[in-house]
Amino acid sequence: MKLTDRLIPTLLAAAAFAACSSPGRTDLEVSQLFADNMILQQNAQTVICGRATPGTRVSVQTDWDYASTGTARPDSIWQALIVTPAGSHKLRTITVSTADTVITFDKVLIGEVWLAAGHSNMAQPLRGWPGSPVDSSRAAIEHSRNLNIRVFDVENSPSATRQSIVVGSWKDCHPQTAKDFSATAYFFARELEERINVPVGIICATTSYGRGASWVDAETLSSIDVYADFVDTLGKVVPRIEQYEKWVRRLPRVNTQAGGLPTVYDEYVNKGNPALDDWDEATLPSSFENSGIGYLDGMVWYVRTVSIPQEWLGRDLQMHLGPIDDCDVAYFDGNCVGSTEERDSYDQSRVYTVPGRLVGSTSVRIAIRVINFDGRGGFMASHPDEMFLKPVNADRLARQTVSLAGQWKYCIAAQCADGQYYALDIRNNKLTRRMRPRHIINNDTPTALFNGLIAPIGGYALAGALVSIGETDVGDAATFRKVMPAIARCWRRHLGTDVSIYFSQITPWHYNGKAGFDLAAELREAQYDALADIGNSGLVSTVDLCDSTALFHTPFKWQVGHRFAAMAVAAHYRMGGAPSGPQPRFDDIRVVGKVMGLTFDHGEGMTFDNYDNNIFEVAGADSVFYPATASIDQDRMMLFSHVVVNPLYVRYAHSGSGSGILYNADGLPAPAFSNLPTYIK
């Protein structure tokens, strides 16, 4: 981005905009969605927006000879329209200017832009997570260089009110960046770019968890009976939430180091000899919520002095802390000995090695800085025995341990708002005046993820959206059946009426209990049933992609990305092939005696892979299912059970882990399905 101005521009500290600000003049700002390396949707109208002094006239000029203007409103927001040409690999420029400021965006491409949204199965990066690998990730990362694929990661957080500011940046695709891209979105973009031969941009709006209702705006959500009163309730608490966030924003903002965790009072806590008598106490292990901290998105310092045996001096030690939610940095006598900086490492036990050269005293001071991004936070060990120090060596000393459980001093160092961190003054003990949020807004709050992640990208033209949600709604399939169409209605009103929206079925997993298998199956069946009320949509099956019920995140992200791409190529771009695996037509079921005949769309060349006698089931009027023998005749399946005299209902991949076996000629799997809507009962 080139900045042309007589004055030196100043970057806005609190506003999430790429900006050129000239104090006392037009103060031009442009949304971060518009930046160097962006990809714009071809043959479309895109709204470019930003802020400027009210009344400022803003001009937009493209190198394909399209020009438009906008005027900053009294609230400082300005908007202008860009009409884009056909996609190509030609690098473009866009210039935004006022009377005193010019901003030029370089290396712009025109192509296809897709939104990738949802929870951890969409958020999981190409490099994988500890204990949750991505199949073939190393090779994919090594060969990822492709300047025609670019990704914008939305860094916003859930919000009680609709946001207009986007935090994030466009990144080229190469090994240093692709490893952190959504694995599913990367594999989708890689295949799509190869198939349609134009640049592909991905806007990733993902988070770790959240109920489906959190992705819907208040207006649409109020039409669902169980949320009918929620809009009024939210309206009453929003002023209090805004009061809290306004207080937080008055605190000094924490500068986040590139690629690392924010640093807050590390030097002071470990070298400055803080007055710990003024700090509060907590018994560890415990979460923020189960201690005096309470609900907190922010950072907390924990400090404790422990005694170790004389014979440990000079020896390497191991510090065991158990799982910590979400991230942490650990110090031993003022020296950093380890950190865990992955946002999704909340269930990973921390084990840090302390070099023997640092073990010079029998009285040692341990300090841990814990960062919580959303939801619960703190030390999550299930038993105090998970927190201890021990020598690394293999002799008799290795059996000795010093417990790290028990009383620790703690001090809240920073609080979070708008996805940014703001530091409290721990040097002057001003914590007693910390304002606590009276109402918790997190990923489960209805409307919160729409407000924070989806609303801010409205107006940026898209081809479609890939959505991976539903895991948090297991156990409430009846409500989710209504929420899925609501998401489609809501997003199309804000992102474009012709946007294709493709969902993925949740993967087989126990969902924290034996009954979770059946509850998850009901959720998958509700997902399939909901397609009838959406239109211009589809469902990617993942029922065959978990080879172990211990894996919550399927490692085969390349398969999920491929299936999304096949759906887009066939259904959105009309370039041939099947958009999905076999889809049952429940309106064409024929029963002769004990035999049920079931017809499939996209069933050409249907076949079984490792046929399982228990994966197809039929039931009569009593709705009790029994295993059925299945046979295929072209695009039709015949189902038979000796037990069921007059079969009325059928289901597939419902029981147990639900591993799928039914594919069409394109190698695409059938989704889990049932014509008995058990989730309504």
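The values are calculated or read from the model by the stated rules, or taken from the named source; none is laboratory data. Just so it is clear, the model here is predicted, and its values are computed rather than measured. Don't worry about glycine lacking a Cβ; one is built from the backbone with ideal geometry, like all the others, and counts go over all protein chains shown.
Take the residues of the range 346-384 that are out of contact with any strand residue (DSSP E or B) (no Cβ under 7 Å at 6 or more places or on another chain) and of a type in the set (S, T, N, Q): which is nearest to R211 (Cα to Cα)? Per the criteria, the residue is S382. Out of H119, H143, one residue alone is within 30 Å of Y244 (Cβ to Cβ) and not aromatic (F, W, Y). It is H119. Reported count of residues in the range 335-357, each being touching a helix residue (DSSP H, G or I) at 6+ places or on another chain (Cβ under 9 Å) and loosely packed, with under 15 Cβ neighbours inside 10 Å, is 2. The set of residues in the range 476-499 that are buried (at least 21 other Cβ atoms within 10 Å of the Cβ) and of a type in the set (G, A, S) comprises A477, A486, A488.
Among the residues of the range 210-229, the ones that are in contact with an Asp or Glu (Cβ under 7 Å, 6 or more places away or on another chain) and either under 15 Å from W491 (Cα atoms) or surrounded by fewer than 20 Cβ atoms within 10 Å (Cβ to Cβ) (or both) come to 2 in all. Of all residues in the range 104-128, none satisfies the criterion of being among the β-branched types (V, I, T), surrounded by fewer than 24 Cβ atoms within 10 Å (Cβ to Cβ) and either within 22 Å of A568 (Cβ to Cβ) or in the same structural domain as W491 (by TED's automatic domain parsing) (or both).
Residue by residue, here is whether (1) at pLDDT below 95; (2) buried (at least 16 other Cβ atoms within 10 Å of the Cβ); (3) assigned by TED's automatic domain parsing to the domain that holds T177; (4) in contact with a Leu (Cβ under 9 Å, 6 or more places away or on another chain) holds:
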| site | (1), (2), (3), (4) |
| --- | --- |
| E29 | yes, yes, no, yes |
| M38 | no, yes, no, yes |
| C49 | yes, yes, no, yes |
| S76 | yes, yes, no, no |
| A86 | no, no, no, no |
| V96 | no, yes, no, yes |
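Name every residue in the range 240-262 that is modelled with pLDDT of 75 or more and either surrounded by fewer than 11 Cβ atoms within 10 Å (Cβ to Cβ) or in the same structural domain as K171 (by TED's automatic domain parsing) (or both), in order of residue number. R250, the sole residue that qualifies. Between D277, D328, D232, the distinction of being surrounded by 19 or more Cβ atoms within 10 Å (Cβ to Cβ), of a type in the set (D, E) and outside any loop (DSSP other than H, G, I, E, B) belongs to D328 only.
Applying the set (1) surrounded by fewer than 18 Cβ atoms within 10 Å (Cβ to Cβ); (2) in contact (Cβ under 8 Å) with a residue 24 or more places away in the chain to Y66 leaves exactly one unmet item: (2). For N429, the conditions (1) outside any strand (DSSP E or B); (2) modelled with pLDDT of 85 or more are fulfilled apart from (2). Among the residues that make up the range 589-601, is at least one of them surrounded by fewer than 22 Cβ atoms within 10 Å (Cβ to Cβ), under 30 Å from Y209 (Cα atoms), over 22 Å from the mean Cα position of the chain (by Cα) and hydrophobic (A, V, I, L, M, F, W, C)? Looking for residues that are surrounded by fewer than 22 Cβ atoms within 10 Å (Cβ to Cβ), under 30 Å from Y209 (Cα atoms), over 22 Å from the mean Cα position of the chain (by Cα) and hydrophobic (A, V, I, L, M, F, W, C), one finds none in the range 589-601, hence no.
Taking every residue in the range 603-627 that is without any contact (Cβ under 8 Å) to a residue 12 or more places away in the chain and within 17 Å of F673 (Cβ to Cβ) and pairing it with any residue that is of a type in the set (D, E) and part of a loop (DSSP other than H, G, I, E, B), at least 6 positions away or on another chain, yields no pair with a Cβ-Cβ distance below 7 Å. Within the range 154-179, which residues are surrounded by fewer than 21 Cβ atoms within 10 Å (Cβ to Cβ) and modelled with pLDDT of 95 or more? Matches in the range 154-179: K171, D172, H174, P175, Q176, T177, K179. Could you tell me whether the range 250-270 includes any residue that is of a type in the set (S, T, Y), under 27 Å from the mean Cα position of the chain (by Cα) and part of a helix (DSSP H, G or I)? So far as the range 250-270 goes, no, none of its residues is of a type in the set (S, T, Y), under 27 Å from the mean Cα position of the chain (by Cα) and part of a helix (DSSP H, G or I). Among the residues of the range 188-197, is any without any contact (Cβ under 8 Å) to a residue 60 or more places away in the chain, closer than 30 Å to E29 by Cα and over 16 Å from the mean Cα position of the chain (by Cα)? Checked against the condition, which is being without any contact (Cβ under 8 Å) to a residue 60 or more places away in the chain, closer than 30 Å to E29 by Cα and over 16 Å from the mean Cα position of the chain (by Cα), the range 188-197 yields no hits at all.
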